[in-house]
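Q: Submitted below is the structure of interest, expressed as C-alpha cells.
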Ligand SMILES: [Zn+2]
C-alpha cells in the first residue's frame with residue numbers, strides 16, 4: 001500500500017468551495033483503512049441507520065466508474081435564452097471594502113445591471129452534469145479523490161463533462177495541445193438596476209464547525225464520500241417576499257468573522273443565454289436538463305448556500321438551432337419551438353435519468369420541499385454529536 005500524503009483541512013475546505021477561518025493541524029492519514037476500490041462499490045455505509053438530522057449539505061454518492069471516450073462532434077449548434085428567478089435572497093460577491101477587520105461586499109454589478117457571472121452559472125450547470133454522468137472530479141487535493149474519478153489527463157479520452165465544457169491536462173499531446181476549450185458558452189446573467197433591489201445584511205459566519213469537516217467529507221478510506229450539494233431551506237422558500245423573519249435567523253453583528261453583504265431580495269428575474277456548437281443530441285439533452293432540472297427542483301447559486309441563500313429556478317424561454325452544418329452565430333434560424341427541447345430530453349431519459357442513483361439523490365436534495373428544519377439556523381452545534389451523516393435518500 002502506498003503511503004498517503006497529508007493534506008490540510010483548509011485545502012480540503014477550499015477544494016469544496018467553503019470558507020474556513022480556523023487553523024487546524026495536518027490530517028493524519030494512517031488511521032484510514034487501505035483503499036480497496038472494488039469493495040467500496042458494494043459497501044453499505046454504517047450511516048444508513050443513523051438518525052436524521054438537519055445539516056446544510058450532503059453528498060451525492062459518486063456512482064459507477066467514470067466513462068472516458070474520444071470527443072465526437074455532433075450536429076447541434078445554436079443558442080438557448082434563459083431566465084433565472086431567485087426564490088430566496090441571493091448574493092454574488094462584487095466590490096469589497098474594509099472597515100477595520102470587518103468586510104462589506106457589494107452585489108456584483110456593472111453600470112446598469114446586477115450580475116451573476118457566466119462562470120458561476122457554468123459551474124453550477126457543469127456540477128450537475130458531472131454528477132449525473134459520473135464525470136471526473138477536478139479538485140486541488142487529488143489525494144482524496146478515488147482513483148477512478150481522478151481528473152482526465154488525456155485529451156483523447158475525456159469524461160462527459162470535460163468533453164462538453166473543456167479541460168486542461170498536465171501533459172501536452174503529440175500536437176502540443178494541453179487544453180480543450182469545450183463547446184458551451186455562457187453569458188453573464190443580468191438584472192437591470194431599477195428600484196430598490198438590494199438589502200444590506202451582516203451574515204453569520206459561513207465557515208463550518210471545525211469538527212464536521214473530516215467527519216462528514218471523507219469515507220472510511222479517507223476519500224471524499226461524494227459530490228457536495230446544499231439543501232434548500234423549505235421554510236424560507238415558502239416565505240418568498242416575506243423574508244424579514246429569515247433575516248433575523250441569518251443576521252449577526254459586524255465583527256471580523258462576519259461579512260456584511262448587499263444581497264438581492266427574492267423574486268428578481270435575471271436573463272442569460274447559452275450558446276453551443278457541435279453538440280450531440282445526448283449532450284444537448286443533458287444541457288437542457290441541467291438548466292431546467294425537473295418540476296420542484298431548484299438550483300443553488302451564489303454565496304451563503306448554507307444559510308439558505310440563492311435558491312433559483314431557471315427556465316428556458318427560447319431555443320434555437322442552426323441548420324445543419326451552417327455554423328455561424330450571426331444567422332440563427334428559428335427552426336425550433338421551445339417545446340422541441342423535449343426531443344433532446346427524450347434522448348437522455350433511458351440512459352441517464354432512469355435508474356440512475358445519482359439522479360435519484362439529486363431529486364431529493366435539490367427539491368424545494370424537504371423534511372429538514374432550518375428555522376433556527378444552518379449549523380446546529382449539538383448535531384455534531386449525532387454520528388455519521390445519513391445518506392441523502394434516507395431523507396426522502
Ligand atoms: Zn474529466
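The values are calculated or read from the model by the stated rules, or taken from the named source; none is laboratory data. The structure presented is a predicted model; accordingly, all values stated were derived computationally and were not measured. Backbone-built Cβ (ideal geometry, glycine too); neighbour counts: all protein chains shown.
Q: Would you check if residue 294 is exposed (fewer than 15 other Cβ atoms within 10 Å of the Cβ) and at pLDDT 80 or above?
A: Taking the combined requirement at face value, the residue satisfies it.
Q: State whether the residues of the stretch 174-188 include one that is surrounded by 13 or more Cβ atoms within 10 Å (Cβ to Cβ), modelled with pLDDT under 90 and in contact with a helix residue (DSSP H, G or I) (Cβ under 6 Å, 6 or more places away or on another chain).
A: No, the stretch 174-188 has no match at all.
Results for (1) modelled with pLDDT under 95; (2) within 16 Å of the ligand (Cβ to nearest atom); (3) more than 24 Å from residue 67 (Cβ to Cβ), shown as yes or no for each residue.
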site	(1), (2), (3)
88	yes, no, yes
98	yes, no, yes
101	yes, no, yes
106	yes, no, yes
116	no, no, yes
131	no, yes, no
137	yes, yes, no
144	yes, no, no
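Q: Sort out which residues of the stretch 117-165 are without any contact (Cβ under 8 Å) to a residue 40 or more places away in the chain, in a helix (DSSP H, G or I) and more than 14 Å from the chain's Cα centre (by Cα), and write them in order of number.
A: Answer for the stretch 117-165, where residues must be without any contact (Cβ under 8 Å) to a residue 40 or more places away in the chain, in a helix (DSSP H, G or I) and more than 14 Å from the chain's Cα centre (by Cα): 142, 162.
Q: Condition (residue is touching a strand residue (DSSP E or B) at 6+ places or on another chain (Cβ under 6 Å) and crowded, with 16+ Cβ neighbours inside 10 Å) applied to the stretch 138-145: is it met by at least one residue?
A: Yes, some residue in the stretch 138-145 is touching a strand residue (DSSP E or B) at 6+ places or on another chain (Cβ under 6 Å) and crowded, with 16+ Cβ neighbours inside 10 Å.
Q: Another question, then. Among (1) over 17 Å from the mean Cα position of the chain (by Cα); (2) within 25 Å of residue 314 (Cβ to Cβ); (3) crowded, with 16+ Cβ neighbours inside 10 Å; (4) more than 15 Å from the ligand (Cβ to nearest atom), where does residue 110 come up short?
A: Failed condition: (3).
Q: OK, next. Given the structure, is residue 216 away from the ligand (no atom under 16 Å from the Cβ) and part of a strand (DSSP E or B)?
A: No.
Q: Moving on. Inside the stretch 119-135, can you point out the residues that are within 24 Å of residue 197 (Cα to Cα) and surrounded by fewer than 16 Cβ atoms within 10 Å (Cβ to Cβ)?
A: Matches in the stretch 119-135: 119 only.
Q: Can you pull out every residue in the stretch 59-107 that is farther than 15 Å from residue 200 by Cα, in a strand (DSSP E or B) and under 20 Å from the mean Cα position of the chain (by Cα)?
A: 59, 60, 82, 83, 84, 85, 86
Q: Right, next: Would the stretch 317-328 turn up any residue that is at pLDDT 90 or above, closer than 25 Å to residue 92 by Cβ, surrounded by 15 or more Cβ atoms within 10 Å (Cβ to Cβ) and within 23 Å of the chain's Cα centre (by Cα)?
A: Taking every residue of the stretch 317-328 in turn, none turns out to be at pLDDT 90 or above, closer than 25 Å to residue 92 by Cβ, surrounded by 15 or more Cβ atoms within 10 Å (Cβ to Cβ) and within 23 Å of the chain's Cα centre (by Cα).
Q: Within the stretch 148-186, count every residue that is under 22 Å from residue 225 (Cα atoms) and more than 14 Å from the ligand (Cβ to nearest atom).
A: 0
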